[in-house]
Amino acid sequence: MKKNALFFAALLTLSGCAFDGPEELSRLTKEDPEFRQMIVSRDQTNAQIKRIKEDLLSKKRAVDAQVEKFRKDYDVYAKDQNIKIEKMRAGVEADRNTLKQSIEAAAAEIAAKEKELRSYQKTLEDVKGVLREGKGIGLSAQEKQKWEERVLMLSEKIRPLSEEIQELKLQSRLKKRKIGFLR
């Protein structure tokens, strides 16, 4: 019987310790004023913690709203700046295209002038050939002078034409270098 009583007492003690209901708390706080003060302190601490958490959540929401506003503002700003960048790049591209067109026009002009130069050079060679071969034909002094004037005239046309071609080629090379700097 003693064993049963001891067992029953232990069971009551253990079940009492496991039971944390409001009645038990009320009983403990009435019996122990120091413990009551601990419970009051706990309740105050929990209330402060709750206020701090609510304040934190409120600040987080405010900051999140600001961040979202900043993101939207940035997106609008970035879009405007990207449009400006594209316009600026288009301007540089237009300059590059202008130079390319100028090079193409110069290339066509060079080709035409080189064709003209080859024609003059061939004619000059033909005229010189007539003069060389003409010695055996017996050209009069007047005819010989006429052929020599042709040689002089062709030579005078060839020299500036050659210089023009060289100048056009130089300008084309410079424009190509300029294009390289416009990248």
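Some observations on this one:
- P(r) weight above 29 Å for the chain, C-alpha pairs, percent: 71 percent
- Contact order normalised by residue count of the chain, Cα under 8 Å, 6+ apart, percent: 26 percent
- Exposure proxy ranking for 41, 162, based on other Cβ atoms within 10 angstrom of each Cβ and starting from the fewest, stands as 41, 162.
- In this simple spin-label approximation, residue 121 and residue 173 carry label points 7 Å from Cα along the Cα→Cβ vector, and these lie 1.8 nm apart.
- Spatial offset of the stretch 19-83 relative to the stretch 156-183 amounts to 78 Å, using the alpha carbon center of each.
- Straight-distance candidates among the lysines for linking to residue 100, with alpha-carbon spacing under 25 Å and chain neighbours fewer than 8 residues away dropped: 84, 87, 113, 115, 169, 175, 176, 178.
- FRET efficiency estimate (nearest 0.05) - Cβ-Cβ, residue 149 to residue 112, R0 22 angstrom: 0.25
- When each full DSSP H helix of the chain is screened for a Cα extent of at least 20 Å along its own axis and an average Kyte-Doolittle hydropathy of at least -0.5, the helices passing are 2-18.
Coordinate-derived values only; no laboratory data. Not measured: the values here are computed from a predicted model. Backbone-built Cβ (ideal geometry, glycine too); neighbour counts: all protein chains shown.
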